[in-house]
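For reference, the structure discussed in these notes is given below.
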Amino acid sequence: MGQKLTSQSSKTKKKKDQTFSENQIIHNSPDNIDEPMIIESSCVNFNFVLKNVAEIPSFVWHLTDVQKLNLSHNRLAKLPPALGKLEQIVVLNLNGNNIVYLPREIGLLKNLKVLFVNMNFLYDVPEELSLCSKLEVLSLSHNCISGLPTTYSDLTNLRKLNLSNNWIVNIPVSVFQMRNLNFLHLGSNKIENISDNIKQLECLKIFIVENNKIRVLPRSICSLSTLELLNADFNVLKTLPDDLFMLNRLSRIAWNPVDKGLHIINNPLGDPLADLARGGLSMLFDYLKDRKKIM
């Protein structure tokens, strides 16, 4: 008897049939997941989560109409070049695997908008990903990445970039060309300096650089008038730029990591900045304004 598969994992599993969506795939042999598949209609969403597999069944690479593919939390060490056949993919989730590298063929996914590869073992990422010009969300946290290819400057539609918990010392130059970024997470790296080029990210609303080794916030960061959250906690900041008060969308001194506002309390700020920050944002900004007038 055949086995029915669909795209939504939220459906309940039956003894003989497993339903994921109304778009059905008929599997010829329920005992061998690598047997050829007969596709009755297009499979839009396909989940293959928590299967504890080291290799994805070959039939997956024949789902040419799939738009959302979730292969997260398995034991995958790599993906085959056949990934490039899935040209309709919009969302690809590879979180929580053992992936060491991504195939160059990922650049063939011209419709890709969202890519998650968190919690893997990537040391670098392929230049060809820059060919995915529709990419809007790229999350590469908890890997071993120290930089990005310069070609990633072509990802001009990228809005959210997460590079947290990696081995980054210098913010990749290509990041400053991603002019539509509104979310940039670089927390828990080894960053010591923030380039003046940060001012080029004029759409940035959320900028997280907590838990690094940053000694100074550049004056150019004060030109990012769209910033609603600036998290520079757990660095080695001793002073603050006088023009910081220009960031008038920062609503408060924030303590909770998820709150919007200015996160700076957990730094070795010199006097009187530490006490002023504890007194609130208005008190701190008034002091910085007065200090700027004097200078």
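The values are calculated or read from the model by the stated rules, or taken from the named source; none is laboratory data. Since the model is a prediction, treat every value here as computed from it, not as a measurement. Cβ placement follows ideal geometry from the backbone for every residue including glycine, while neighbour counts extend to all protein chains displayed. To get the accessible areas, we keep the full protein, side chains included, count just its heavy atoms, and leave off ligands, DNA and RNA. Shrake-Rupley method; radii C 1.70, N 1.55, O 1.52, S 1.80 Å.
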Taking region 241-277 and keeping only residues that are out of contact with any Phe, Trp or Tyr (no Cβ under 6 Å at 6 or more places or on another chain), farther than 19 Å from residue 199 by Cα and of a type in the set (A, V, I, L, M), one is left with 253, 254, 258, 264, 265, 269, 273, 274, 277
Given the conditions (1) open to solvent by less than 10 Å² (accessible area, probe 1.4 Å); (2) in contact with a strand residue (DSSP E or B) (Cβ under 6 Å, 6 or more places away or on another chain); (3) farther than 22 Å from residue 176 by Cα, and given that residue 231 satisfies all but one, which numbered condition is not satisfied?
(3)
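Mind checking whether some residue in region 180-189 is of a type outside the set (Gly, Ala, Ser), in contact (Cβ under 8 Å) with a residue 40 or more places away in the chain, part of a loop (DSSP other than H, G, I, E, B) and within 30 Å of residue 238 (Cα to Cα)?
Within region 180-189, the subset of a type outside the set (Gly, Ala, Ser) is 180-186, 189.
If we keep only those that are in contact (Cβ under 8 Å) with a residue 40 or more places away in the chain too, we end up with 182, 185.
Imposing the further condition that a residue be part of a loop (DSSP other than H, G, I, E, B) reduces the set to 182.
From the residues that got through so far, the ones that are within 30 Å of residue 238 (Cα to Cα) too are 182.
Yes, the conditions are met somewhere in region 180-189.
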I'm told residue 194 meets every condition in (1) farther than 20 Å from residue 155 by Cβ; (2) surrounded by fewer than 19 Cβ atoms within 10 Å (Cβ to Cβ); (3) touching a helix residue (DSSP H, G or I) at 6+ places or on another chain (Cβ under 7 Å) except one. Can you identify the failing condition by its number?
(2)
Of the residues in region 234-245, those that are more than 13 Å from residue 284 (Cβ to Cβ) and surrounded by 20 or more Cβ atoms within 10 Å (Cβ to Cβ) come to 235
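Residue check: is residue 259 in a loop (DSSP other than H, G, I, E, B) and not β-branched (Val, Ile, Thr)?
Values: in a loop (DSSP other than H, G, I, E, B): yes; not β-branched (Val, Ile, Thr): yes.
Taking the combined requirement at face value, the residue satisfies it.
With over 15 Å from the mean Cα position of the chain (by Cα), part of a loop (DSSP other than H, G, I, E, B) and buried (at least 19 other Cβ atoms within 10 Å of the Cβ) as the only criterion, which of 248, 212 stands out?
On the way: 248 fails: buried (at least 19 other Cβ atoms within 10 Å of the Cβ).
Step by step, each of 248, 212 is checked, and only 212 is over 15 Å from the mean Cα position of the chain (by Cα), part of a loop (DSSP other than H, G, I, E, B) and buried (at least 19 other Cβ atoms within 10 Å of the Cβ).
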Checking residue 226 against (1) open to solvent by 50 Å² or more (accessible area, probe 1.4 Å); (2) under 27 Å from residue 141 (Cα atoms), which single condition isn't satisfied?
(1)
Is there a residue in region 102-123 that is among the charged types (D, E, K, R), closer than 24 Å to residue 191 by Cα and modelled with pLDDT of 95 or more?
no
Unmet criterion (only one of (1) among the charged types (D, E, K, R); (2) part of a helix (DSSP H, G or I); (3) at pLDDT below 95) for residue 243
(3)
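Please determine whether any residue of region 163-183 is hydrophobic (A, V, I, L, M, F, W, C) and in contact with a Phe, Trp or Tyr (Cβ under 7 Å, 6 or more places away or on another chain).
Step one: list which residues in region 163-183 are hydrophobic (A, V, I, L, M, F, W, C), which gives 163, 167-169, 171, 173, 175-176, 178, 181, 183.
Going one step further and asking which of them are in contact with a Phe, Trp or Tyr (Cβ under 7 Å, 6 or more places away or on another chain), we end up with none.
No - not one qualifying residue is present in region 163-183.
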Could you go through region 210-229 and let me know if any residue there is in contact with a helix residue (DSSP H, G or I) (Cβ under 7 Å, 6 or more places away or on another chain), without any contact (Cβ under 8 Å) to a residue 60 or more places away in the chain and of a type in the set (Asp, Glu).
no
Pairs where the first residue, in region 120-134, is closer than 15 Å to residue 97 by Cβ and the second is crowded, with 18+ Cβ neighbours inside 10 Å and modelled with pLDDT of 95 or more, C-beta under 6 Å, 6+ apart
120/97; 120/99; 120/143; 122/143; 122/145
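Quick check on region 228-240. Is at least one of its residues more than 21 Å from residue 213 (Cα to Cα) and at pLDDT 95 or above?
Let us first name the residues in region 228-240 that are more than 21 Å from residue 213 (Cα to Cα), namely 228.
Now narrow it down to the ones that are at pLDDT 95 or above: 228.
Checked against the condition, which is being more than 21 Å from residue 213 (Cα to Cα) and at pLDDT 95 or above, region 228-240 yields at least one hit.
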Taking region 271-295, which residues are touching a residue at least 12 places away in the same chain (Cβ under 8 Å) and either open to solvent by less than 30 Å² (accessible area, probe 1.4 Å) or in contact with a strand residue (DSSP E or B) (Cβ under 7 Å, 6 or more places away or on another chain) (or both)?
273, 277, 280, 281, 284, 285, 288
